[in-house]
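Only one structure is covered here, and it is reproduced in the block below.
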């Protein structure tokens, strides 16, 4: 198959829906999909069996999988849903504490039939949960995709929000600003359907989201429902060497030597600016929480 050049983070802005179609033409063959490997991670409490899928429809500057993301020909192996399920099941058989599965590395919603077939196998098994970790682009673009996913009782959908404004979204992902609202549309529909879902955002990392952008993100989620804000999982990025090389190549500044506050206002600034949402209802913020916020601000120095 002829290779289609994938846009990188430094190229001109692209339409993520069009990129999804181009990517699918490379990573999907019939009902088979390209996978880098299969393994486990310690996430979700007891750990989770993970298939590292190839292909994504965004080009995030902080992506830890950018080398395989931008070079889809590096991997030749295609796997059917049955083969993926078998490999993940073998991992779980070797690790009795693990009872969950997921796809990572790439965007799992690319290759709709492949994902739905895999979920159908999970539904009839002893596996307790399959986590669909997605950027929400395709789900926000097509409501019927959400309806298809919600036919499965063991599915948990986790949407990762990349930015709080259209401008920052384009700067971080390379996608056109018109696609910024797609993940929020997906969240709104999931909330209306009372789905098993969660929202995460890299909103505690000052290298990638400043306080005003974080406020914008919180406001947009709150307009859907305030409960979403209270349950949102806020994250700080751990930059792998491959991510650091990408950021250096595109000139993204990750050092915060000139912190935007004076010593006298340090405690107040820390408490308000990078205070996790879950603590906003507390009257007092502990010293421990303040130190944790300080660590977030210094991350990357």
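The values are calculated or read from the model by the stated rules, or taken from the named source; none is laboratory data. Keep in mind it's a predicted model, so treat the numbers as computed, not measured. Note that we place each Cβ from the backbone using ideal geometry, even for glycine, and neighbour counts take in every protein chain shown.
Just one of (1) at pLDDT 90 or above; (2) surrounded by fewer than 16 Cβ atoms within 10 Å (Cβ to Cβ); (3) out of contact with any strand residue (DSSP E or B) (no Cβ under 9 Å at 6 or more places or on another chain) fails for residue 189. It is (2).
Scanning region 128-141 for residues that are in contact with a strand residue (DSSP E or B) (Cβ under 8 Å, 6 or more places away or on another chain) and either surrounded by fewer than 19 Cβ atoms within 10 Å (Cβ to Cβ) or at pLDDT below 95 (or both) yields 128, 129. Of all residues in region 100-117, those being out of contact with any helix residue (DSSP H, G or I) (no Cβ under 7 Å at 6 or more places or on another chain) and either closer than 15 Å to residue 130 by Cβ or surrounded by fewer than 17 Cβ atoms within 10 Å (Cβ to Cβ) (or both) number 6. Criterion applied to 121, 202 was being surrounded by fewer than 22 Cβ atoms within 10 Å (Cβ to Cβ), assigned by TED's automatic domain parsing to the domain that holds residue 54, under 26 Å from residue 82 (Cα atoms) and touching a residue at least 40 places away in the same chain (Cβ under 8 Å), and the one residue passing it is 121.
Looking across region 143-186, just one residue is assigned to a loop (DSSP other than H, G, I, E, B), in contact with a strand residue (DSSP E or B) (Cβ under 7 Å, 6 or more places away or on another chain) and either without any contact (Cβ under 8 Å) to a residue 40 or more places away in the chain or more than 13 Å from residue 58 (Cβ to Cβ) (or both), and that is 154.
Of the set (1) touching a residue at least 60 places away in the same chain (Cβ under 8 Å); (2) assigned to a helix (DSSP H, G or I), all apply to residue 140 but (1). Within the set 175, 163, 195, the sole residue that is surrounded by fewer than 23 Cβ atoms within 10 Å (Cβ to Cβ) and in contact with a helix residue (DSSP H, G or I) (Cβ under 8 Å, 6 or more places away or on another chain) turns out to be 195.
Of all residues in region 12-21, those being touching a strand residue (DSSP E or B) at 6+ places or on another chain (Cβ under 9 Å) and not in a loop (DSSP other than H, G, I, E, B) number 3. Scanning region 28-84 for residues that are surrounded by fewer than 16 Cβ atoms within 10 Å (Cβ to Cβ), in a loop (DSSP other than H, G, I, E, B) and touching a strand residue (DSSP E or B) at 6+ places or on another chain (Cβ under 7 Å) yields 44, 77.
Checking the condition surrounded by 21 or more Cβ atoms within 10 Å (Cβ to Cβ) and at pLDDT below 85, which residue from 246, 259 passes? None of the other options fit; the residue is 246.
Taken together, the residues in region 220-242 that are touching a residue at least 40 places away in the same chain (Cβ under 8 Å), out of contact with any helix residue (DSSP H, G or I) (no Cβ under 8 Å at 6 or more places or on another chain) and more than 24 Å from residue 65 (Cα to Cα) amount to 0.
Residue check: is residue 184 at pLDDT 95 or above and under 21 Å from residue 174 (Cα atoms)? Answer is yes for this residue. For region 194-235, a residue qualifies if it is more than 10 Å from residue 164 (Cβ to Cβ) and part of a strand (DSSP E or B), and the qualifying residues are 197, 198, 199, 200, 233, 234.
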